[in-house]
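Written out below as structure tokens is the structure these notes cover.
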Amino acid sequence: MFGLLSFLISFFKMGDVAAVASPSVSDSSKDSAGLDVPDESFRTSRPDIVGPDVPDVPFPIKLSGPVQHGFGRGSKDLGCPTANLPDDSLPPMINAAKTGVYYGYAQVTPSEGTPSSLSNQDVCVLPMVMSFGWNPFYKNERMTAEIHIMHEFKTDFYGYNMKALVLGYIRPELHYTSREALIEDIEFDKKVAFKSLARPAYEKYASDPFFTV
Ligand code: ADP
Ligand code: RBF
Ligand code: MG
């Protein structure tokens, strides 16, 4: 009896050791300013499917609003345009999730009664990656939700309504010191989003009634 009790006491005292014994992949460490910088080992050995096989709480998260102008850096600096959601559309994300990179589906639709420059393919429900947070690389002072839709659009669609169904978390938002590393990781994020969404329980959200038929 005493043997069992002392074993249990020493087991709980060894909480830290037990944590080390069950390995977990670390994705970041702190730099001297306390910012999360990517670990090289994380960058070179990232899984290409993330999240459970069936979306779990707090997903799906629904976001919607007219596409806003940002600083124009996504296309120019990173070769990855991101459609920015308005501030007042962010509470469902702010209230339920931490900052980071997410995957899901998005749909762009013209406002009623306005002529549209978008094709039938452009207004489909399409896979997306979303950066939600402070963009430490650019030292932003405002939180943003920026969506890159994995589709080739022929024109911009500022002012058009965008709906997004966020279905899973990919990684934390990190403080990149090189633009090249950020670009490389964004490319990998797209691959992760595609593969993670290709599971039946995720695919079915592409025809969710939230989207416009
Ligand atoms: P901004 O800082 O104004 O958001 P970006 O350089 O990030 O500028 O470009 C975003 C704009 O590019 C979007 O608002 C949209 O009109 C357009 N765009 C074109 N293709 C895409 C795409 N695949 N995903 C998201 N936005 C796109
Ligand atoms: N910005 C960061 O500072 N850190 C990140 O980890 C980061 N990850 C991103 C991942 C994706 C998929 C996308 C589309 C953008 C990411 N960005 C990140 C945001 C990028 O800095 C942002 O698109 C620019 O601020 C241009 O608006
Ligand atoms: Mg943008």
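Side notes on the structure shown:
- Against the main long axis of the alpha-carbon atoms of the chain, helix 2-13 sits at an angle near 40°.
- Length-normalised contact order of segment 119-213 in % [C-alpha pairs under 8 Å, at least 6 apart]: 32 percent
- Values of log10 I(q)/I(0) for the chain across q = 0.08, 0.11, 0.14 Å⁻¹ run -0.34, -0.58, -0.87, by the Debye formula with one identical scatterer at each alpha carbon and no solvent.
- Accessible area of segment 22-119 belonging to carbon and sulfur atoms, whole % at 1.4 Å probe: 54 percent
- Stretch in the chain that is longest and holds no chymotrypsin sites (Phe, Trp or Tyr not before Pro) that DSSP places in a loop and that have at most 12 other beta carbons within 10 Å: 72-157
- Between segment 178-213 and segment 31-89, the Cα center-to-center distance that results, in Å: 10 Å
- Accessible area expressed per residue, the chain, with surrounding protein chains retained (probe 1.4 Å, Å²): 58 Å²
- For segment 90-99, Karplus couplings with θ = phi - 60° (6.51, -1.76, 1.60), whole Hz, Gly/Pro x: 7, x, x, 7, 4, 6, 10, 9, 7, 5
- Exposed loop sites are taken as GluC sites (Glu not before Pro) in a DSSP loop (any state but H, G, I, E or B) with at most 14 other beta carbon atoms within 10 Å; the longest stretch of the chain without one runs 1-111.
- In loop segments of segment 24-118 as defined by DSSP, the trypsin sites (Lys or Arg not before Pro) with at most 14 further C-beta atoms inside 10 Å of their C-beta are Lys98.
- Hydrodynamic radius of segment 95-197 by the Kirkwood approach over all distinct alpha-carbon pairs: 14.8 Å.
- The helix-only estimate of mean residue ellipticity at 222 nm for the chain, built from DSSP H runs of length n ≥ 4 each weighted as -39500 (n - 2.57), is -7000 deg cm²/dmol after division by the residue total.
- Ranking Pro200, Tyr160, Thr44 by how far each Cα lies toward the positive end of the dipole of the chain (charges on Cβ) leaves Pro200 at the top.
- Of all lysines in the structure, the ones whose alpha carbon falls short of 24 Å from that of Lys191, not counting any fewer than 8 places away in one chain, are Lys62, Lys76, Lys98, Lys154, Lys163, Lys204.
- Cα extents of segment 46-141 along the three principal axes, largest first (Å): 40, 34, 28
- Note on segment 98-213: with charges restricted to the Cβ of Lys and Arg (+1) and Asp and Glu (-1), its dipole about the Cα centre is near 300 debye.
- Put His151, His69, His175 in order of accessible area, highest first, and with a 1.4 Å probe you get His69, His151, His175.
- In order along segment 186-198, the Karplus-derived 3J(HN,Hα) couplings, from 6.51 cos²θ - 1.76 cosθ + 1.60 at θ = phi - 60°, round to 5, 4, 5, 4, 5, 4, 4, 4, 4, 5, 5, 7, 7 Hz, and Gly and Pro are given as x.
- Between Asp27 and Ser117, the contour length at 0.36 nm per residue exceeds the alpha carbon distance by 28.3 nm.
- With all pairs of separate Cα atoms included, segment 47-89 yields a Kirkwood hydrodynamic radius of 13.2 Å.
The values are calculated or read from the model by the stated rules, or taken from the named source; none is laboratory data. Keep in mind that what you see is a predicted model, and the values were worked out from it rather than measured. Note: ideal-geometry Cβ built from the backbone for every residue, glycine included; neighbour counts use all protein chains shown. The area values use the complete protein model at the heavy-atom level, side chains included, leaving out ligands, DNA and RNA. Shrake-Rupley method; radii C 1.70, N 1.55, O 1.52, S 1.80 Å.
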